[in-house]
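Below is one structure; the comments refer to it alone.
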Number of protein chains: 4
Amino acid sequence: MAKRKICVVITARPSYARFRSAMEAIACHPDLELQVITAASAILERFGFPDKVIEADGIKIDVKLHTMLEGGNLITAAKSTGLGIIELASAFQTLSPDAVVTIADRFETLSTAVAAAYMNIPLVHIQGGEISGNIDNKVRHAITKLADLHLVASEPARQRVIAMGEHPDKVHVTGCPSIDIAATVLKDPEIKVDLFKAYKGVGPRIEWHRPYLVVLQHPVTTEPEAAARQADETLHAVHESALPTFWFWPNIDAGSDATSHAIRAYRERCQPENIHFFKNLPPEDFLRLVYHSRAIVGNSSVGIRECAFLGVPAINIGDRQRNRDRGANVIDVPHDRRHILSAIHSLHKRPRPPSDPLYGDGRAGKRIANLLATEPLSHHK
Amino acid sequence: MAKRKICVVITARPSYARFRSAMEAIACHPDLELQVITAASAILERFGFPDKVIEADGIKIDVKLHTMLEGGNLITAAKSTGLGIIELASAFQTLSPDAVVTIADRFETLSTAVAAAYMNIPLVHIQGGEISGNIDNKVRHAITKLADLHLVASEPARQRVIAMGEHPDKVHVTGCPSIDIAATVLKDPEIKVDLFKAYKGVGPRIEWHRPYLVVLQHPVTTEPEAAARQADETLHAVHESALPTFWFWPNIDAGSDATSHAIRAYRERCQPENIHFFKNLPPEDFLRLVYHSRAIVGNSSVGIRECAFLGVPAINIGDRQRNRDRGANVIDVPHDRRHILSAIHSLHKRPRPPSDPLYGDGRAGKRIANLLATEPLSHHK
Amino acid sequence: MAKRKICVVITARPSYARFRSAMEAIACHPDLELQVITAASAILERFGFPDKVIEADGIKIDVKLHTMLEGGNLITAAKSTGLGIIELASAFQTLSPDAVVTIADRFETLSTAVAAAYMNIPLVHIQGGEISGNIDNKVRHAITKLADLHLVASEPARQRVIAMGEHPDKVHVTGCPSIDIAATVLKDPEIKVDLFKAYKGVGPRIEWHRPYLVVLQHPVTTEPEAAARQADETLHAVHESALPTFWFWPNIDAGSDATSHAIRAYRERCQPENIHFFKNLPPEDFLRLVYHSRAIVGNSSVGIRECAFLGVPAINIGDRQRNRDRGANVIDVPHDRRHILSAIHSLHKRPRPPSDPLYGDGRAGKRIANLLATEPLSHHK
Amino acid sequence: MAKRKICVVITARPSYARFRSAMEAIACHPDLELQVITAASAILERFGFPDKVIEADGIKIDVKLHTMLEGGNLITAAKSTGLGIIELASAFQTLSPDAVVTIADRFETLSTAVAAAYMNIPLVHIQGGEISGNIDNKVRHAITKLADLHLVASEPARQRVIAMGEHPDKVHVTGCPSIDIAATVLKDPEIKVDLFKAYKGVGPRIEWHRPYLVVLQHPVTTEPEAAARQADETLHAVHESALPTFWFWPNIDAGSDATSHAIRAYRERCQPENIHFFKNLPPEDFLRLVYHSRAIVGNSSVGIRECAFLGVPAINIGDRQRNRDRGANVIDVPHDRRHILSAIHSLHKRPRPPSDPLYGDGRAGKRIANLLATEPLSHHK
C-alpha cells in the first residue's frame, strides 16, 4: 500500500518548535511520507531563518514560499493570508498530499486551512479548542470549522471542539507535541554551550548562574497602538528588579514593529545592564534556559504550556492567554510595572510548582503520527 | 452623529438577488451610509454582468474588483479566494467602513470575512446557521466563527449559531431578505414582458401558459466529475416529461464547466423541443415565473426558501440542500431520471402547498437595516 | 560537468506549437536538462488543455500554475501578468534553472521575463525583433530589454534587436522552430484521420476534398469593442464565398469573448452550411490542413510564417500583422467583407506561391538547443 | 473641456523627492487634475512613512496600496512587482486616469508601467534614457518600450531613448525635477533647525560646522552577497578619515538587509565617534546639508545629479552609477577603503566645482506639467 503523504505547512518559527517531535515521528513512521512547506515568517531572516533551522535538523523542505508582506500591520496580515492561499494552492497541486496539517491559530495558519479545504484535501488541525484573548480565537475556531480531523492538546480542548459541532469521532486528545521537547529537556537539562558565544544577541553578558528571568512578550494583535506602552511597562519592571534577564524578541504580528521600537528605544535610553536580548534559541536550549530560570515573564503560551510541565513559575501579563486552561504555576498580572515587579518579588517566597501534565505527557508526537497513519482521511464532514 | 458606513460585498449574482431589499433599506436609512463592492463572479459577463444589474437598480458601486481565476476547478476556487482577500483589504483601507456585510456561504464569501476580521472591522454575517450538503457548510460555519454579528433567516438557524459558541446577544433572526422580493411578487404576480423577447436565451419559444417547470441545478462542489452525469439525469427526465420547461444555467463553481458542457452536449444531441434555456432573469420576473410554474426542479435554495413562501412545489434533487430546514412544498429525490420523472408525474395529484413563513415574512430588509443602525458594532468577541 | 537546466515556460498553446521542436532538441541534448512550467491559458480546458497535449507528446511538466483571471478584458490581462510573476518566482526558486526561456510576445510572456530578470536568472527570448500591430509590440520589445540572450527568427529581426541597443554577440538568427514542424509536414503531408471524428468541432461535415479555406482570426487587443464587428465581416465573406471552410476559435485575449460571441451569434442566426468550427488541432494535422487548403484567411501569424514556408496563400486581414516581414504569399485586406470576398475570388487566378525560407529552414530547434548548451549564460548586460 | 486626469504612482521615497516639484506644478495647472497612488516602500514605516510626508506637503493621496513583500531579496522583488501590477490594475480601474506617470527605474516602477500599458492607458515615463550599472538598466529600458511619452532629464538621455526606436516626437528634454529643489535650496541655503533635535537618528552629536561628509550608499542589486563587504569598506574609510560624517540608511532593495546589518555590526563593534546615522531628512534640508558638505560619498545618484547643479564634489564608489552622464564634480573610486580614503584626503586640494546644468536648470516641474497638458495622449505607438 502506498504511504500516506502528510504535508505539514510551517508558517512561523514557534509552530515548528511546537510540532517538531510530531514531524520526526511522521518522518519515521513506516506508513507515512512527510512533505514540508515553509512560508510566511518561517523563511525570513528577521526570525533567524527558521527554514534553515528545520533543514539543520535533517528535515527536507519541499517548497519554500515568500508570502509575508512588509508592514507589520492589520492590512498586511490580511494580504499575507491571501497570498498564502494562492501560493499554497499551487504547492498542494504539485505535491498532491493525502492530508494537510495546519498548526494552531496564527493568521497565516488560515491560509493553509482555506487552500486545503477548498481543494478537497483532508485537513488536520493541531491545537484546536483552545481559548486565548484576541483575533487568534476567531482564526482558531474558523480553522476548526474547516478541518476534518482535530488533534487537540487536552480534554477541555476536546470538549470545546465537540461543542462547536464537530463529530466526537474526529476529535482526539494527543497532548501538545511541544511538551515532548520539554520532556526530553527534563531528562537532559544541562546547557552545554556558552550562551553568549553560541547565540550572541545584544546587551551585556549577564550572570545567569544566579536566579534569573526569561522574558517573552508578544504584541497583542487587536491593540497595536498599545503595544509600545505594554513593552515599556515590562521593561521598567524587569530593569528595576535588577535580576539577570534574558529577553527574547517578539514574533511577527500587527504591532510587532511598535514593540521592537519600544525595546530599541528603551535600550538606547536606559541601557539596562541586567538584560541580554536574544532573537532565537534552539528550542531545547531555550527550554533548558526556562527550566533553570526563576520564572518566565510575558504573555507567551510557553508560560502556560511548557512551564506547566517543567514546573516553572510564569508571570503572565495581560489578556493574551486569557481563558486558556492553566496550572498552578501561573501568576496573572496586568500590563502595569508595579504589578509585574511585585510578582517578581513574590517569587522567592513561593515553592517551585510541581510538574503538571495539563498539556501533554511527552508522547504527543508519536500519538499524532499513529493517528495520521490509521484514522480514516476524508474531506466530507 | 456621523452615519455608520456599511460596506456590502457582493461576489455573486444570487447574493445580490437575495440581499437587494436589505441594501435598499440600508441606502434609505437616515443613520446609515451604504458602500458597495462587487467582485468575483459579480462583474463577469458569463453571469450577465451582475454589477450592471445593480447599477441599473440605482445603486452606486464604489469599487469593482476582478478576483476570479479562470478554470472553474477546486484550485482556482482557492486562489480566487486568496486574491479576493488581497484586493478587499486594499478596498477596505480606502473605504474605511464601520462594518462589513458578507452574505451566505459561497467560497468567495470567505474572502470578505477574512479581510474584515483581520483588519478589525466588525463583520456582519447574513444567513449563518444553515445547513447544506458540501463545502458550503465548512465555509459558512468558518465565517460564523470570524463574524461579530449574525443576522440569520430562521429560529433553527439562530439555535445552531448559538450552539457553535456565539453569544446569543449577537444573533438575531431577521428572516431572509430574499423573501422580501417574494412578498413583493405575491402582491404583483403578473409578468408584463414577452419573456423570449426581453430575456432571449436559447432554445424553442415554449408554451408557458400551460403547466410548466422551472429548472435550476447547480454542480455539487465536492464531486466535480459527477456533475455532468447529474445534469444528464435531470435533462432526460425533464425532456421525457414533455412539459414546457425554463432551464437556467448554473452559477460558477468547481464543476460548473462540466455541467455547462453536459447541457450543451445534450442540446446538440437531443434538441429537446420543450426546453428553453435562460442565463439570468431579473429576480422579480424570475420569481413570478417560478410562482406560476407547476414546480421548480433542481437543487437550488430557491426551492427550499422562496418556494416555501410562494407555495410552489420543489422537486429537490440530491444532497445539495440536505439537512436544510424545509417546508411541506419540498419533494426530495435522488439524481436519477426515473425518480425525477416520477416526482414530476406526481405533481398534478398534489394540492398546491400553502405559503409558509419558515424563511421570513417579507420584512427582513428593514429589520436588517435597523439592526445595523442600532446594534453595538465591535470586533471583540 | 553538470547539465545546464533550461526552464521553458509555456503560457499559451500557440507558444508550445511554435517551440515544440526546440523543446524536443533540448530534451535530447546531452549537455542540457529540460524543465517545463505551464501556466496561464496553457492549462485551461477552453484551449483544449494544452498541458495534456504536451504530456501526450512525452514531455514531463514540472509545475502547473493557474494564473489566468476570468474576464477576457484589459484589466484581467494585467492582473494575470501580475499573478504570473508571483507564482513563477516561487517556481523558479524551487527549480533553480540555469536559464529561463520565454517565447514571443503575448501578455503573459512578460511574467516570465520579469520574474527571471529580477531573480538574476539568465533570460533567453525567442522571437524578439519582430513587428506586429498592437500591444504585442510593446511587450515584445520590453522583453528584449529584459533578456540576456536573443534567439531570433530572421536577419531583419536580428537587425532590429541590435538597433534597440542589444549587443550583437547576444543576438543569434536560428529561424523559427515552428517552421521545423512545417518542414516535417512537407515530408509527410497526408492527413490520416477522419478530421470530423478525430477532432469533432461543431457545424456541418464539409467536403474538404474540394478547394477549401482555413480561417484563424484573433481579436485585436487594443480595440476590444471592434472585435465583434471584425469577426462578423469575415464570417459574412466566408459564408458568401460558399467555399468549404474550417474555422478555428480565437485564442484568449482582451476582446476574445466578443469574438466568440459574434461567432456564436452568427452561427445561431445564419447557420452557415459551409463552415465547420474547430477548437484546436494537433499542429501537424493543422498544418497539413493548411497545406492542402486554397488559402488561410484571418490575422494569424501562421499565414505570415508557416505559410511562407509551405507556399500557401494568406489573406491577411487588418493591422495585426502590420509591418511584419512577409513573403509573396500574403494578400493584405482590411476588415471589410467585400475586400475579403474579392481576395477569396482572386485565389483561383493566382499560381501557388513557392516555398520561402524567410522565417526558417526547418532546423531551428537543433540550432536553439546547441546555442543554449554552448553560449555563455549571464544576467549581466 | 474636462481636465486631464494625471495619475502619479509613487513607489519609493526617492521618487517623490525627485518628482515633487512636478506634482506641485500638475496640481496647480488649470487643465490638469492630479491623482496620486502610493505603494510599495512609499507607505512603510521603515522608510519614514513617505506617504505621510506627501500628505504633510498638502498633496492628497487617492489610494494607498501595500504591495511590498518582506525579505529584501531577489524573489521578493519579483513578487512585489507582481502584486503591484494586480493592485494597480484595480486602482486604475477605479480612478480611470487619462495618463499614468511612472518615475525612473526601480523594480516596483515596472508594476506601474505594465498595468497601465496593458490597460491601454497612455504611459508617461520620467527619466528614461539614462544608464546605470545593474538591473535598473533592464527595468528602465523595458519601461521605455512600454511607455508612450518620454520626459527625460538631458539631451544624451533623449538621444538614447530615440536610439532604442522611440519616435523623436514623443521624447522631450525637461530636465530632472529634482534639480528644481536644488535650485530652491541654492536660493535659501541655510538650515534653520537643530538637525539632531529635529531628525534624531543615532550616534554622537557631531560638529558639522567643520568640514564634513555626507554618505549615502545603496546595495548593488545584482550582488547581494557583496553588499555587506562594500558597506564595510566605506565605513572603515570614513571612520579613519575622522571627518564629521552624516550617514544615511540605504533604501530597500535586494541586499539592503545585508547592508543594514553591516552598518549595525560596525557600529556595535567600533562605535565610530565621528559618524551620525540618519534615516531620512526632508529633501530641502538634506540638500542643504549636502550643499554645505565637503563632499558626498557613496553611490547615490544625488552625487551625480543634484551635486552637479549644487557644485559639490561626489566621491562615487563602485559601478552603480557607471556610464551615467557626469560632470566635473565626480571622483570615481572602487569599493576599496584605501581608494575611498585617498579620495577624501584629496578633497582639500581641489577647488569647489562650478554649478553644471547637466541634469536640469531648475524649471523641470513646470515644463513637465505643460507637456502633460498639451501633448497628444495615446496608447498607440
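The values are calculated or read from the model by the stated rules, or taken from the named source; none is laboratory data. If you're wondering where the values come from, they're calculated on a predicted model, not measured in any experiment. Cβ coordinates were reconstructed from backbone atoms using ideal geometry, including for glycine residues, and neighbour counts include every protein chain displayed.
Can you find, within region C:96-111, the residue that is nearest to C:H66 (Cα to Cα) among those that are within 11 Å of another protein chain (Cβ to nearest Cβ) and assigned to a helix (DSSP H, G or I)?
Of everything passing the filter in region C:96-111, C:S111 is nearest to C:H66 (Cα to Cα).
Part of a loop (DSSP other than H, G, I, E, B), aliphatic (A, V, I, L, M) and buried (at least 17 other Cβ atoms within 10 Å of the Cβ) - does that describe any residue in region A:323-333?
No: zero hits.
Does region A:118-132 contain at least one residue that is surrounded by fewer than 24 Cβ atoms within 10 Å (Cβ to Cβ) and at positive phi?
yes
Can you pull out the residues in region B:155-170 that are among the basic types (K, R) and within 22 Å of the chain's Cα centre (by Cα)?
Those that are among the basic types (K, R) and within 22 Å of the chain's Cα centre (by Cα): B:R158, B:R160.
Being in the same structural domain as A:D188 (by TED's automatic domain parsing), closer than 26 Å to A:R13 by Cα and part of a helix (DSSP H, G or I), is that true of even one residue in region A:309-322?
Yes: region A:309-322 contains one or more residues that are in the same structural domain as A:D188 (by TED's automatic domain parsing), closer than 26 Å to A:R13 by Cα and part of a helix (DSSP H, G or I).
Of the conditions (1) in a loop (DSSP other than H, G, I, E, B); (2) surrounded by fewer than 24 Cβ atoms within 10 Å (Cβ to Cβ), C:A262 satisfies every one except a single condition; which number is it?
(1)
What residue, among those in region D:67-76 that are among the hydrophobic types (A, V, I, L, M, F, W, C) and modelled with pLDDT of 95 or more, is nearest to C:A113 (Cα to Cα)?
Among residues in region D:67-76 that are among the hydrophobic types (A, V, I, L, M, F, W, C) and modelled with pLDDT of 95 or more, the one nearest to C:A113 (Cα to Cα) is D:I75.
Can you tell me which residue among B:V152, B:V124 is over 20 Å from B:I86 (Cβ atoms), modelled with pLDDT of 95 or more and under 15 Å from the mean Cα position of the chain (by Cα)?
Sole residue among the options that is over 20 Å from B:I86 (Cβ atoms), modelled with pLDDT of 95 or more and under 15 Å from the mean Cα position of the chain (by Cα): B:V152.
Which condition does B:D136 not pass, out of (1) assigned to a helix (DSSP H, G or I); (2) of a type outside the set (A, V, I, L, M); (3) within 16 Å of B:I103 (Cβ to Cβ); (4) without any contact (Cβ under 8 Å) to a residue 60 or more places away in the chain, if it passes all the others?
Every listed condition holds for B:D136 apart from (4).
Looking only at residues that are more than 9 Å from chain A (Cβ to nearest Cβ) and under 19 Å from the mean Cα position of the chain (by Cα) in region B:67-79, which one is farthest from C:G72 (Cα to Cα)?
Per the stated criteria, the residue is B:G72.
Does A:I206 satisfy the condition of being in contact (Cβ under 8 Å) with a residue 12 or more places away in the chain and buried (at least 21 other Cβ atoms within 10 Å of the Cβ)?
Criteria not met by A:I206.
Please verify whether B:S342 is away from every other protein chain (no Cβ under 14 Å), surrounded by fewer than 20 Cβ atoms within 10 Å (Cβ to Cβ) and hydroxyl-bearing (S, T, Y), treating the condition exactly as stated.
It is true that B:S342 is away from every other protein chain (no Cβ under 14 Å), surrounded by fewer than 20 Cβ atoms within 10 Å (Cβ to Cβ) and hydroxyl-bearing (S, T, Y).
Quickly run through region A:138-178 and pick out the residues that are among the aliphatic types (A, V, I, L, M), touching a Leu at 6+ places or on another chain (Cβ under 9 Å) and more than 14 Å from chain B (Cβ to nearest Cβ).
So in region A:138-178, the residues among the aliphatic types (A, V, I, L, M) come out as A:139, A:142-143, A:146-147, A:149, A:151-153, A:157, A:161-164, A:171, A:173.
Subsequent filtering for residues that are touching a Leu at 6+ places or on another chain (Cβ under 9 Å) retains A:139, A:142-143, A:146-147, A:149, A:151, A:153, A:171, A:173.
Scanning region A:138-178 gives A:L151, A:A153, A:V171, A:V173.
Can you spot a residue in region A:30-39 that is touching a strand residue (DSSP E or B) at 6+ places or on another chain (Cβ under 6 Å) and either within 14 Å of chain B (Cβ to nearest Cβ) or modelled with pLDDT under 95 (or both)?
Within region A:30-39 (the criterion being touching a strand residue (DSSP E or B) at 6+ places or on another chain (Cβ under 6 Å) and either within 14 Å of chain B (Cβ to nearest Cβ) or modelled with pLDDT under 95 (or both)), the answer is yes, since at least one residue qualifies.
Being crowded, with 24+ Cβ neighbours inside 10 Å and farther than 22 Å from D:M68 by Cβ is the filter here, so list the residues in region A:54-90 that pass it.
The answer is A:A89, and nothing else.
Restricting to region B:259-312, name every residue that is among the β-branched types (V, I, T) and farther than 21 Å from B:D336 by Cβ.
B:V290, B:V302, B:V312
If I ask for residues that are of a type in the set (A, V, I, L, M) and in contact with a strand residue (DSSP E or B) (Cβ under 8 Å, 6 or more places away or on another chain), which ones from region C:41-64 would you list? Reasoning before the result, please.
Within region C:41-64, the first condition is being of a type in the set (A, V, I, L, M), and the residues that meet it are C:42-44, C:53-54, C:56, C:59, C:61, C:63.
Those that are of a type in the set (A, V, I, L, M) and in contact with a strand residue (DSSP E or B) (Cβ under 8 Å, 6 or more places away or on another chain): C:A42, C:I43, C:I54, C:I59, C:I61, C:V63.
Note down all Cβ pairs under 7 Å where the first residue falls in region C:281-305 and is outside any helix (DSSP H, G or I), the second is surrounded by fewer than 24 Cβ atoms within 10 Å (Cβ to Cβ) and aromatic (F, W, Y), and they're at least six residues apart or on different chains.
Here the result reads C:L281/C:Y199; C:S293/C:Y212; C:R294/C:Y212, each pair linking region C:281-305 to a residue that is surrounded by fewer than 24 Cβ atoms within 10 Å (Cβ to Cβ) and aromatic (F, W, Y).
Can you work out which of the residues in region D:40-60 that are in a loop (DSSP other than H, G, I, E, B) and under 20 Å from the mean Cα position of the chain (by Cα) is nearest to the other protein chains (Cβ to nearest Cβ)?
By that ranking, first place goes to D:L44.
Within region B:150-252, which helices (runs of 4 or more DSSP H) (wholly inside it) include 3 or more residues that are in contact with a Ser or Thr (Cβ under 7 Å, 6 or more places away or on another chain) and not assigned by TED's automatic domain parsing to the domain that holds B:Y16? I'd like the intermediate steps shown before the answer.
Details: elements: B:155-163, B:178-187, B:195-199, B:224-241.
Answer list for region B:150-252: B:224-241.
Looking at region A:61-75, which of its residues are assigned to a helix (DSSP H, G or I) and touching a residue at least 24 places away in the same chain (Cβ under 8 Å)? Please lay out each step first, then the result.
Looking only at region A:61-75, we keep the residues that are assigned to a helix (DSSP H, G or I), and these are A:74-75.
Listed by number, the list holds a single entry, A:L74.
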